[in-house]
């Protein structure tokens with residue numbers, strides 16, 4: 001366990017959380033569509049991934065951030081949001097967003113996201 005903790009600490013992992021409380025969202029936006037709170041959290045996550053990519057690239061030579069979402073009813077809109085945010089020319093960190101795709105539950109990254117409540 002000590003060796004594992006040492007390895008994890010040496011990786012310099014970064015993270016963030018994005019929470020959209022649905023009852024409060026409903027109060028502010030009473031006519032919202034079903035997945036709007038999710039899409040707001042998704043936008044926040046994508047922007048933060050670009051920011052984190054810019055932060056770690058100088059130290060680790062990162063090739064960029066690959067974005068996956070679970071294949072399903074929200075994946076088309078998720079990709080549209082990704083492309084829209086990546087196209088904002090005033091954000092220099094957008095170059096660290098290097099790909100977007102869908103996958104099913106067999107993708108380990110999506111399994112990890114489920115474990116963390118994402």
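Restricting the search to region 25-39, which residues are over 12 Å from the mean Cα position of the chain (by Cα) and touching a residue at least 12 places away in the same chain (Cβ under 8 Å)?
Once the filter is applied, which keeps residues that are over 12 Å from the mean Cα position of the chain (by Cα) and touching a residue at least 12 places away in the same chain (Cβ under 8 Å), region 25-39 yields 25, 35, 37.
Residues in region 40-49: is at least one without any contact (Cβ under 8 Å) to a residue 24 or more places away in the chain and either under 12 Å from the mean Cα position of the chain (by Cα) or part of a helix (DSSP H, G or I) (or both)?
yes
Any idea which residue in region 53-68 is nearest to residue 38 (Cα to Cα), counting only those that are buried (at least 17 other Cβ atoms within 10 Å of the Cβ) and without any contact (Cβ under 8 Å) to a residue 40 or more places away in the chain?
Selected residue: 67.
Of everything in region 79-94, what is under 14 Å from residue 47 (Cβ atoms) and either touching a strand residue (DSSP E or B) at 6+ places or on another chain (Cβ under 9 Å) or surrounded by 13 or more Cβ atoms within 10 Å (Cβ to Cβ) (or both)? Give them in sequence order.
Matches in region 79-94: 81, 82, 83, 85, 86, 91, 93, 94.
Among the residues of region 103-112, is there at least one that is in a strand (DSSP E or B), in contact with a strand residue (DSSP E or B) (Cβ under 8 Å, 6 or more places away or on another chain) and either modelled with pLDDT of 90 or more or surrounded by 11 or more Cβ atoms within 10 Å (Cβ to Cβ) (or both)?
Yes, some residue in region 103-112 is in a strand (DSSP E or B), in contact with a strand residue (DSSP E or B) (Cβ under 8 Å, 6 or more places away or on another chain) and either modelled with pLDDT of 90 or more or surrounded by 11 or more Cβ atoms within 10 Å (Cβ to Cβ) (or both).
Looking for whichever is out of contact with any helix residue (DSSP H, G or I) (no Cβ under 6 Å at 6 or more places or on another chain), over 25 Å from residue 95 (Cβ atoms), at pLDDT below 90 and part of a loop (DSSP other than H, G, I, E, B) here; the options are 72, 17. Which one fits?
Unique residue meeting the criteria: 72.
The values are calculated or read from the model by the stated rules, or taken from the named source; none is laboratory data. Please read these numbers as outputs of a predicted model, since none were measured by experiment. So basically every Cβ, Gly included, is an ideal-geometry build from the backbone, and we count neighbours across all protein chains shown.
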